[in-house]
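Please read the structure below before turning to the comments.
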Amino acid sequence: MDIFFDILASNPMTIIWLLIAGFIISIIFKGVRIVPQSEKFVVERFGRLHAVLGPGINLIVPFLDKVAHQISILERQLPNASQDAITKDNVLVQIDTSVFYRILEPEKTVYRIRDVDGAISTTVAGIVRAEIGKMDLDEVQSNRAQLISQIQTLVEDAVDDWGIEVTRAEILDVNLDQATRDAMLQQLNAERARRAQVTEAEGEKRAVELAADAELYAAEQNAKARRIQADAEAYATGVVAKAIAENGLEAAQYQVALKQVEALNALGAGEGKQTIVLPAHAVEAFGDAFKLLKGGK
C-alpha cells in the first residue's frame, strides 16, 4: 500500500487518469440499465416523464435521467372482496368477487392513480352493486357468466385511463341470509308440488282422451258394421226385387214358400218339438209351399 501511494505521489498524472477512469466507470454504471422481462422502468428527467424502458439493455443520460419507478407488468390478483348488493326484487345478497389485472402503460399508472389496488376494488364494488340492482335473484343465479362478462367490460372501461388491463373478473359466490334461504326452499318445495299436480292432471286428461278415442273408434266400427249390414240387406232386397221383376209373382211365392219350409224345419229340429199341431189353413199353406218348391225345382 505504501508503494502505491509512493507511485501516486511521484506521478500526479496517474491520479488524474484514475479519476477519469473512475468517472467513466461511474457513467457507464449510471447510463446502462438492464430491465428484467417482467418489469418496465419509468425514467424521469428533471422531475418530468422522459421515457419508459422495456425489457433488455437500455441507455439513459447519467446525472440527467433517473429511473423513478420500477413497475412489474406481471398479472396481479386483487384480494377477494365481499360487498352487499340488493337485487331488482329487493333481495339482499353478498357477492364475493376476485379480479385479475396487469399494468400495460406504467407511465399512466404511476402519474394518474396512487393506490391501484384500492381504486380497482372500489370500482369493482360499485359496478357489481349497479349490475346486481338491474337483475332479479333468479337471473343472478342463472346468468352468472353473462353477469361476469358485463362486470369485466365495465371495469375495463373504467380503468382504461390508468393504463391497466383487467384480464379476468370472477364472481366466486352469491350468499343469501338465512331467512331468504328458507323462503327460497319453501318456494322450491311448492314448485315441486305444483309440477307433480300438473303431471298427474295431465296424465288423467290423457287417460280420458284415450278412453274417448276408444269409444269413438268403437262407435265408428259399429256404424261401419251396420252400414255394411244395411248394404248387404239392400243388395238382397234388390236381388229379390229383380227376380220378381223378371219372373213375376211365381218368384215371390217361391221365396215365401222357401221361408215357410225353413221355419218348419227349425221347429221340428228342436228338442221335444217333434210333434207339431198346426191349423188346417196353415197345412194348406205349407202344401202350397211344397208345390211351389217342387215346381221351382
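Structure above, values below:
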| item | result |
| --- | --- |
| Unit charges on C-beta of K, R, D, E only; dipole of region 11-157, Debye | 920 |
| Overall form of region 182-246 per C-alpha gyration tensor (a/c, 1.5; a/b vs b/c) | prolate |
| Charge-dipole axis of region 76-176 as Lys and Arg at +1 and Asp and Glu at -1 on Cβ define it, positive-most pick from 128, 104, 149 | 104 |
| Simple spin-label estimate for residue 143 and residue 237 in nanometres, 7 Å along Cα-Cβ | 7.4 |
| Region 76-176 - charge dipole about Cα centre, Lys and Arg +1 at Cβ, Asp and Glu -1, debye rounded to 20 | 180 |
| Simple label model, 7 Å out from Cα along Cβ direction - residue 90 to residue 191, nm | 2.1 |
| Cut-off under 5 Å, modelled amide H: who pairs with residue 167 long-range | 100, 101, 102 |
| Efficiency of FRET from Cβ geometry, residue 82 and residue 136, R₀ 22 Å, rounded to 0.05 | 0.55 |
| Paramagnetic label zone (point 7 Å from Cα along Cα-to-C-beta, residue 178; backbone N under 18 Å) in region 71-95 | 92-94 |
| All-pairs Cα distance distribution in region 76-176, expressed in whole percent, bin size 5 Å | 2, 14, 26, 23, 15, 10, 6, 3, 1 |
| Local net charge near residue 67, Cβ-Cβ under 12 Å (Lys/Arg +1, Asp/Glu -1) | +2 |
| Spin-label model distance (nm) - residue 68 vs residue 221, 7 Å beyond Cα toward Cβ | 9.8 |
| Size of electric dipole in region 142-241: Cβ of Lys, Arg +1 and of Asp, Glu -1, about Cα centre, debye, nearest 20 | 780 |
| Exposure proxy ranking, count of Cβ atoms within 10 Å, fewest first, for 111, 101 | 111, 101 |
| FRET efficiency estimate (nearest 0.05) - Cβ-Cβ, residue 39 to residue 150, R0 22 angstrom | 0.10 |
| Extreme residue, positive dipole direction of region 136-231, given options 219, 171, 208 (C-beta unit charges) | 219 |
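Read-outs: derived from the displayed coordinates by stated rules, not from any lab. From a predicted model like this one, the values you see are computed outputs, not experimental measurements. Note: ideal-geometry Cβ built from the backbone for every residue, glycine included; neighbour counts use all protein chains shown.
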